[in-house]
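Following: one structure in structure tokens, then a few remarks.
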Amino acid sequence: MKVDEIKTIGVCGAGTMGAGIVQQAAQSGYKVKVLDVQDAFLERGMNIITKSLDRLLSKEKITADARRAVLDRITMSTDPAVMAEADFIIEAILEEVSAKKALFESLEPVVGPDTIYATNTSSISVTQLAALTARPDRVVGMHFFNPVPVMKLVEIIPALQTTPDVVDVTIELTKKLGKTPVPCKDTPSFIVNRILIPMIIDAARVYESGVATAADIDTAMKLGANLPMGPLELADFVGIDIVYHIGNMLYEYTKEARFNPPDLVRNMVMAGYLGRKSGKGFYDYAEKH
Ligand code: CAA
């Protein structure tokens with residue numbers, strides 16, 4: 001398959017990452033088919049996209065006609081048959097192997113033989129996921145960053161089974177989506193999270209040991225290391241549960257203590273203090289926003 005043959009992109013999962021990918025693909029001129037398991041999830045995804053486009057409209061970065069055209073390119077459904085037309089499918093559903101396996105099984109009777117399955121997984125082996133499908137040679141990792149419309153990077157992760165033509169077309173497609181591809185071996189957390197998550201975990205340890213307030217730690221790192229967001233603010237943005245999950249996964253894999261999330265992070269997950277999405281994390285969003 002050549003990249004110019006890709007006209008329709010399928011996105012499975014309309015959560016934060018899925019919605020961002022849908023928006024990016026539709027803004028790049030692709031028809032986009034979106035699949036999720038409940039209408040309520042699709043509606044929430046459409047709300048994320050509409051809000052993001054409205055923000056661009058209010059800043060005069062797009063016209064009202066362009067906004068309409070982007071939305072018109074998007075079709076949403078809870079029926080896997082919607083993916084029949086998709087030339088390239090990006091999976092961004094929940095991080096559970098069994099759920100991803102069930103999704104690939106539901107797609108198989110519907111999609112064409114050449115269709116590529118890209119996974120946005122941040123914590124599951126792409127090789128493991130490829131082995132669960134009927135087309136392991138056409139599975140590739142395509143790891144986007146949040147917020148997708150803003151973040152320029154996409155990590156490209158070939159599974160052990162992926163053929164070079166699939167990697168090439170994924171790299172070309174990433175460029176057509178306006179992003180910068182960086183290839184990476186299929187290892188836990190790839191490049192960015194393997195470096196970023198331990199930094200966040202270290203910041204939580206510094207906070208836990210009473211060195212400074214959360215706001216002061218973040219201010220220090222923003223002003224002293226020129227980060228756009230402090231590490232604790234970023235933890236709330238990414239989700240404390242995600243930080244915990246990735247930290248644990250890296251710890252299990254490497255057995256290096258530095259990856260092991262501290263008690264505070266574990267307790268925050270148990271308490272449901274998951275960051276922005278739950279209204280409370282290192283910061284209280286009910287008061288702050
Ligand atoms: N959709 C579209 N545009 C958005 C947006 C969204 N959801 N969020 C922000 N923007 C745009 C704004 O419109 C604005 O554009 P202009 O500069 O052209 O006007 C620009 O982004 C900056 O936004 P704001 O002025 O509102 O706010 P900010 O300057 O504080 O930036 C931020 C917000 C882009 C999120 C910035 O704080 C940032 O880059 N933070 C770090 C994000 C990061 O590290 N993400 C990676 C997380 S790790 C991950 O995703 C991987 C994983 O597997 C866990």
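Residue-by-condition table, conditions (1) under 16 Å from residue 146 (Cβ atoms); (2) open to solvent by 50 Å² or more (accessible area, probe 1.4 Å); (3) touching a strand residue (DSSP E or B) at 6+ places or on another chain (Cβ under 8 Å):
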{"position": "213", "(1), (2), (3)": "no, yes, no"}
{"position": "234", "(1), (2), (3)": "yes, no, no"}
{"position": "239", "(1), (2), (3)": "yes, no, yes"}
{"position": "247", "(1), (2), (3)": "no, no, no"}
{"position": "256", "(1), (2), (3)": "no, yes, no"}
{"position": "264", "(1), (2), (3)": "no, no, no"}
{"position": "279", "(1), (2), (3)": "no, no, no"}
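Selection of region 169-200 for residues being more than 27 Å from residue 249 (Cα to Cα), open to solvent by 50 Å² or more (accessible area, probe 1.4 Å) and in contact (Cβ under 8 Å) with a residue 40 or more places away in the chain yields 172, 176. Just checking, which of 67, 44 is within 13 Å of the ligand (Cβ to nearest atom), over 24 Å from residue 115 (Cα atoms) and either modelled with pLDDT of 95 or more or acidic (Asp, Glu) (or both)? Just one listed residue meets the conditions, 67. Given the structure, is residue 127 over 20 Å from residue 158 (Cβ atoms), among the β-branched types (Val, Ile, Thr) and open to solvent by less than 60 Å² (accessible area, probe 1.4 Å)? It is false that residue 127 is over 20 Å from residue 158 (Cβ atoms), among the β-branched types (Val, Ile, Thr) and open to solvent by less than 60 Å² (accessible area, probe 1.4 Å).
Set side by side, the residues 166, 148 differ, and just one is under 28 Å from residue 240 (Cα atoms), crowded, with 22+ Cβ neighbours inside 10 Å and out of contact with any Leu (no Cβ under 9 Å at 6 or more places or on another chain), which is 148. A count restricted to region 153-178 and to residues that are closer than 18 Å to residue 26 by Cβ and within 13 Å of the ligand (Cβ to nearest atom) stands at 2.
Of the numbered criteria (1) farther than 15 Å from residue 18 by Cα; (2) open to solvent by 90 Å² or more (accessible area, probe 1.4 Å); (3) more than 10 Å from the ligand (Cβ to nearest atom), the one residue 61 fails is (3).
The values are calculated or read from the model by the stated rules, or taken from the named source; none is laboratory data. Quantities reported herein were computed from a predicted structural model and do not represent experimental measurements. Glycine gets a Cβ as well: all are built from the backbone with ideal geometry, and neighbour counts include every protein chain shown. Each accessible area value is taken on the protein alone, full model and side chains, heavy atoms only, with ligands, DNA and RNA left out. Shrake-Rupley method; radii C 1.70, N 1.55, O 1.52, S 1.80 Å.
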